[in-house]
Amino acid sequence: MWRSSIRILLLACAVLLVAGPVRSYAQRFDARTLMRSQKNGNNTGLYGDNPYASDEESEEGAEQADTTKKERRIRKPLESYFFSDSVRALNNFRWHVDRDYNRVEIGPIDTMLADFHIDYPVYRRGVGDMTVGALGQASQPLNFFDRSQSTDFTFARPYDAYTYDMENVPFYNVKKPMIHFTYLESGQKRYREEHFAIMTAQNISPSTGFNVDYKSRGTRGLYEWSRTKNHNLSVAVSHTGKRYSVHAGFINNHIEQQENGGVVGEWAIADTTFQMPSGVPTRLAGAEAQNTYRNNAFFITQSYGIPLAPVTERDFSIADLPAVFVGHSFEYNSWSKVYTDHYATYTDERGGRDENGNFVPTEGTYYENWYLNPEQTRDSLYERVVSNRLFVQAQPWDRNGVVGTVDGGVGIDLHTYSQFGLRSYLSGRYAKVNKTSFFVYGAVGGKIKKYVDWDANFRFYPSGYRGGDLDIGARVALKGYLRGHPLILEGSFSTERRSPGYWQENLISNHYMWSHSFAKENDTRFEVKFSVPDFAFEAAAWQAVVTDKIYYGSDSQVAQHGGNVSLTGVYARKDFRLGGLHLDHRVLLQWSTNQNVVPVPLASAFLSYYYEFWVVRDVLRLQTGLDGRYNTKYYAPGYNPALSVFYNQREVELGNYPYMDFFVTAKWKRMRIFLKYQHLNKGLFGNGEYFSVARYPLNPGMFKMGISWGFYD
């Protein structure tokens, strides 16, 4: 621990030594710019004073310019059609790129105090996820409608909250170079959880920039054989010019997970007190099971705008002119998974009862079948997708018109799947399967002033591996105003016919083998959402009908339900504020017509009650309070390490346990400080069954602390 602290301290000192002179220069620069503006009476544009002006230009207001020197050319401001005037005026902002269409999604940079105390990313959306336990480990959203429907490398889906992909890689536009550093830790050195993250972003010009994001999260294992390492890196480069734009990125995700298979029985948590969590008996610790995931990806999306009307110097961008955009998107994405273990048994001290009702120990093994090797396992799976898209986007009048854009594109996906099959014993090579998918897609969307925002889209696979797949969607958002406060009503519809994933139909491993030919799934959904952002209110309702649902049964075998399953969800969020007192509520209700196929809890909730106040006005702000998570009892899914999937176990119901955290967070200028005691109520109240996934206990009581610091100059 002390070594880590010293490294952090040295890094902070080094950054401060560099940042000090730069900050002083930035202060002088601001003063000179102000003097120049006051003297000349202008030079304040939409993008603000040019932050890239030279030192000589900055001193123009302080002293008379040397007329013998040639005036340097001032670089152009940000002129991209992607960003509105209000976005350009921001000092810093972030966005994500759409992989199919010539659009971006703007978002804030995470420097606020709000929700900083929620250190697990799996708990940041809605009511959060069910998880196998610690930071960096597998999870699945409690809300059925938040779960990914992608069939690409489903083995990595439990880590969606942590990994980067093409659509969540961030891009930044910053006026000044930015460095953002975060370090959180908890527990004793032997069992420590750690979260380290660093982000750096810099603009070479107002339109061109690059950024690097790196996160390392995981635990050394509070429970036996549960060490986790989760490393995620993204490197991104962007140019968003007046006509030409390009977004490119490299992604590396690396995950190492020791798999203990969960505890031997719920009694080991609910009815027995162990001196340390590491003493709790688990089912796979003796087998030394482990999963290793590796992902490398590269993507580039570029487009060029051809205006259909003359462009003048007064046109800040071509967003307000008729135009046609042509573009290309390329993505290379490879994933691999290696699962290892060896044969071992575990003992359940309460596995049965004798004729007198006394507990009798039983011995068992986690896996029933050992097809390829009776002593040890090394299952290796590999998947690669190479995707190319050509698209055209027409802008008939202006980008925010009634018909703002009309999109169309064609694409081809080249799939490669590899696993160690029965023929591999003879050839010495892993069996490879190549598949090709062709598709066409399109969209149309627009706005009616600031009151209506609408769009519709489709994707169709006419032939190839996923021939016959179809995805259609539509959305409309209505905005009104009540005393200046926006009221937003949104509605959406989608229907999808999708082929089963390759691994759902074809798998050869030491513990599981199958060869299926499943029918296509059909999934139709409706959503209605009403929100009043200024009053922190949001309500939503979903309805879905899924036909021929593919799922994993109680024996972890993949299966297909031959009928319809109806899912209904109702969600509400309301944050109350009484002076400095905040009472935040998120509640989700769900109903499933077939809990054997899609199990969901009837009610789930996240509550956060805290007090926020200034310790020193405009310098130090503090929050202190409690978080609580809860869901009703239901047959919560189990988790299978060899398959990396959540399956529908029917042995035990879990829930009715409030899981509470106490936290203190503070923001001192650009620094955020974090103190927290996780699972405050352990041993105080509740039924003692702190599980959200069958056999996998959540963390016991644990103290956490950390720091997040941003440098902008």
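The values are calculated or read from the model by the stated rules, or taken from the named source; none is laboratory data. Predicted model, so just to flag it, every value in this text is computed and none were measured. Reconstructed Cβ throughout: ideal geometry from the backbone, glycine too, with neighbour counts over all protein chains shown.
Listed values, structure above:
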{"read-out": "Residue among Ser499, Ser531, Ser515, Ser494 that is over 27 Å from Phe144 (Cα atoms) and of a type in the set (Ser, Thr, Tyr)", "value": "Ser515"}
{"read-out": "Residues (assigned to a loop (DSSP other than H, G, I, E, B) and buried (at least 16 other Cβ atoms within 10 Å of the Cβ)) located in the stretch 278-301", "value": "Val280, Pro281, Arg283, Leu284"}
{"read-out": "Pick from the stretch 201-218, criterion under 19 Å from the mean Cα position of the chain (by Cα) and not hydrophobic (A, V, I, L, M, F, W, C), ranking: surrounded by the fewest Cβ atoms within 10 Å (Cβ to Cβ)", "value": "Tyr214"}
{"read-out": "Meets criteria (out of contact with any Leu (no Cβ under 6 Å at 6 or more places or on another chain) and either within 30 Å of Val440 (Cβ to Cβ) or modelled with pLDDT under 90 (or both)) for Thr131", "value": "no"}
{"read-out": "Candidates Tyr183, Tyr164, filtered to the one that is touching a helix residue (DSSP H, G or I) at 6+ places or on another chain (Cβ under 7 Å) and either among the aromatic types (Phe, Trp, Tyr) or surrounded by fewer than 17 Cβ atoms within 10 Å (Cβ to Cβ) (or both)", "value": "Tyr183"}
{"read-out": "Which listed residue, of Asp213, Asp165, Asp119, Asp152, is within 28 Å of Asn296 (Cβ to Cβ), charged (D, E, K, R) and part of a strand (DSSP E or B)", "value": "Asp213"}
{"read-out": "Long-range neighbours under 8 Å by Cβ, at least six apart or interchain, first residue over 21 Å from Glu79 (Cβ atoms) and surrounded by fewer than 17 Cβ atoms within 10 Å (Cβ to Cβ) within the stretch 89-114, second polar (S, T, N, Q) and at pLDDT 90 or above", "value": "Arg99/Thr301; Arg99/Ser329; Leu113/Gln623; Leu113/Thr665"}
{"read-out": "Residue within the stretch 314-325 that is touching a residue at least 40 places away in the same chain (Cβ under 8 Å) and under 30 Å from Thr228 (Cβ atoms) present", "value": "no"}
{"read-out": "Strands (runs of 3 or more DSSP E) contained in the stretch 309-389 and holding at least 3 residues at pLDDT 95 or above", "value": "323-342"}
{"read-out": "Selection within the stretch 448-462 - without any contact (Cβ under 8 Å) to a residue 24 or more places away in the chain and either of a type in the set (Ser, Thr, Tyr) or touching a Lys or Arg at 6+ places or on another chain (Cβ under 8 Å) (or both)", "value": "Trp454, Asp455, Ala456"}
{"read-out": "Residues located in the stretch 522-563, provided they are β-branched (Val, Ile, Thr) and closer than 30 Å to Leu482 by Cα", "value": "Val528, Val532"}
{"read-out": "Check on Glu224, crowded, with 20+ Cβ neighbours inside 10 Å and in contact (Cβ under 8 Å) with a residue 24 or more places away in the chain", "value": "no"}
{"read-out": "Any hit, the stretch 525-534, residues being over 24 Å from the mean Cα position of the chain (by Cα) and of a type in the set (Lys, Arg)", "value": "no"}
{"read-out": "Selection count, the stretch 611-658, where residues are without any contact (Cβ under 8 Å) to a residue 60 or more places away in the chain and farther than 30 Å from Gly553 by Cα", "value": "14"}
{"read-out": "Residues of the stretch 252-277 satisfying the condition of being under 25 Å from Gly686 (Cα atoms) and either part of a loop (DSSP other than H, G, I, E, B) or touching a Leu at 6+ places or on another chain (Cβ under 7 Å) (or both)", "value": "Gly261, Gly262, Val264, Gly265, Glu266, Asp271, Thr272, Thr273, Phe274, Gln275, Met276, Pro277"}
{"read-out": "Output for the stretch 573-590, where each listed residue is surrounded by fewer than 16 Cβ atoms within 10 Å (Cβ to Cβ) and either part of a strand (DSSP E or B) or out of contact with any strand residue (DSSP E or B) (no Cβ under 6 Å at 6 or more places or on another chain) (or both)", "value": "Lys574, Asp575, Phe576, Arg577, Leu578, Gly579, Leu581, Leu583, His585"}
{"read-out": "Residues (of a type outside the set (Ser, Thr, Tyr) and outside any strand (DSSP E or B)) located in the stretch 216-231", "value": "Arg220, Gly221, Leu222, Glu224, Trp225, Arg227"}
{"read-out": "Test for Gly265: is it farther than 20 Å from Asp98 by Cα, in contact with a Lys or Arg (Cβ under 8 Å, 6 or more places away or on another chain) and surrounded by 22 or more Cβ atoms within 10 Å (Cβ to Cβ)", "value": "no"}
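Yes/no matrix, rows are residues, columns are (1) over 30 Å from Gly701 (Cβ atoms); (2) β-branched (Val, Ile, Thr):
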site: Ser148; (1), (2): yes, no
site: Pro158; (1), (2): no, no
site: Ala161; (1), (2): no, no
site: Val169; (1), (2): yes, yes
site: Phe181; (1), (2): no, no
site: Arg192; (1), (2): no, no
site: Phe196; (1), (2): no, no
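Results for (1) within 27 Å of Ile412 (Cα to Cα); (2) in a strand (DSSP E or B); (3) acidic (Asp, Glu); (4) modelled with pLDDT of 95 or more, shown as yes or no for each residue.
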{"residue": "Thr436", "(1), (2), (3), (4)": "yes, yes, no, yes"}
{"residue": "Ala443", "(1), (2), (3), (4)": "yes, yes, no, yes"}
{"residue": "Asp455", "(1), (2), (3), (4)": "yes, yes, yes, yes"}
{"residue": "Glu490", "(1), (2), (3), (4)": "no, yes, yes, yes"}
{"residue": "Trp514", "(1), (2), (3), (4)": "no, yes, no, yes"}
{"residue": "Ala519", "(1), (2), (3), (4)": "yes, no, no, yes"}
